[in-house]
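Take a look at the following structure, please.
The values are calculated or read from the model by the stated rules, or taken from the named source; none is laboratory data. Nothing here was measured: the structure is a model prediction, and the numbers come from that model. Using ideal geometry, Cβ is built from the backbone for each residue, glycine included, and neighbour counts are taken over all protein chains shown. All accessible areas refer to the heavy atoms of the entire protein, side chains included, with ligands and DNA or RNA removed. Shrake-Rupley method; radii C 1.70, N 1.55, O 1.52, S 1.80 Å.
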Amino acid sequence: MARHIVARTSEIPAGGNKVFGLEGRDIVVFHVNGEFFALLNRCPHEGAPLEKAACVARLTSPEPGIYQRDRVGEMLRCPWHGWEFAMRNGQSWFDPKRFRIRSYPVAVESGAELQKGPYVAETFPVHIEDNYVIVEV
């Protein structure tokens, strides 16, 4: 997989997302609860853009009248038909054996780490002020 620097962490606000064109695919990166998740920006049901999806919590019920919310903000609800998917791995909540959104590994690295490489060149002092979001495609 190739690695692509797509944005500074500050360019994707908490609770927000941003779409990037990588190797002919639209990839949406979500910033939820201090973590970044990258998914193909297309619902497998009928192709809705997931950048418009609602970030919701998983709701379960161990018995009638008792409801529990967890994974707050880590579930996506498709904007067209309401299908829900786990942001961490793209797994469908509706039909986990048949449907999934393609997910991609995400790393957050400091600018100083990104400067390292196998080449030697004349260097100058540089001040790193931000971190970057990196997506592997």
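Could you grab the relative contact order for region 1-85? Cα pairs under 8 Å, six or more apart, rounded to a whole percent.
Details: 132 pairs, mean separation 15.8, N = 85.
It rounds to 19 percent for region 1-85.
Of the accessible area of the chain, with the probe set at 1.4 angstrom, what percent is carbon plus sulfur?
Carbon and sulfur atoms account for 49 percent of the accessible area of the chain.
May I pose another question? If you count only protein heavy atoms and use a 1.4 Å probe, how large is the accessible surface of HIS4, to the nearest 10 Å²?
50
With label points built 7 Å along Cα→Cβ from the Cα atoms of ARG8 and ILE66, find their separation and express it in nm.
Placing both labels 7 Å beyond Cα along the Cβ direction yields 4.9 nm.
Stretch LYS52-ASN33 to full length: gain in nm at 0.36 nm per residue minus the Cα-Cα span?
Difference between extended and current length: 5.0 nm.
Search the structure for amide H atoms under 5 Å from the amide H of ASP26, placed 1.01 Å from N in the peptide plane, and list their residues when 5 or more places away or on another chain.
HN-HN under 5 Å from ASP26: ASN41.
Now for a different question. If you count only protein heavy atoms and use a 1.4 Å probe, how large is the accessible surface of TRP93, to the nearest 10 Å²?
120
A follow-up question, please. How long is the chain along each principal axis, judged by its Cα atoms, biggest number first, in Å?
Each principal axis gives a Cα extent; for the chain these are 67, 31, 22 Å.
What spacing in nm lies between the two simple spin-label points modelled at ASP95 and HIS45, each 7 Å away from Cα in the Cβ direction?
1.1
Given charges of +1 on the Cβ of Lys and Arg and -1 on the Cβ of Asp and Glu, with all other atoms neutral, how large is the dipole of region 1-46 about its Cα centre, in debye to the nearest 20?
For region 1-46, the charge dipole is close to 120 debye.
Let me ask something else about it. At 1.4 Å probe size, with every protein chain present, just tell me what the per residue accessible area of the chain comes to in Å².
Heavy-atom SASA per residue in the chain reads 62 Å².
Find how many whole Å separate the alpha carbon centroid of region 48-118 from the alpha carbon centroid of region 1-45.
Cα centroid to Cα centroid, the span is 12 Å.
How large is the helix-only mean residue ellipticity at 222 nm for the chain, computed as the sum of -39500 (n - 2.57) over DSSP H runs with n ≥ 4, divided by its residue count, in deg cm²/dmol to the nearest 500?
Mean residue ellipticity at 222 nm (helix-derived): -500 deg cm²/dmol.
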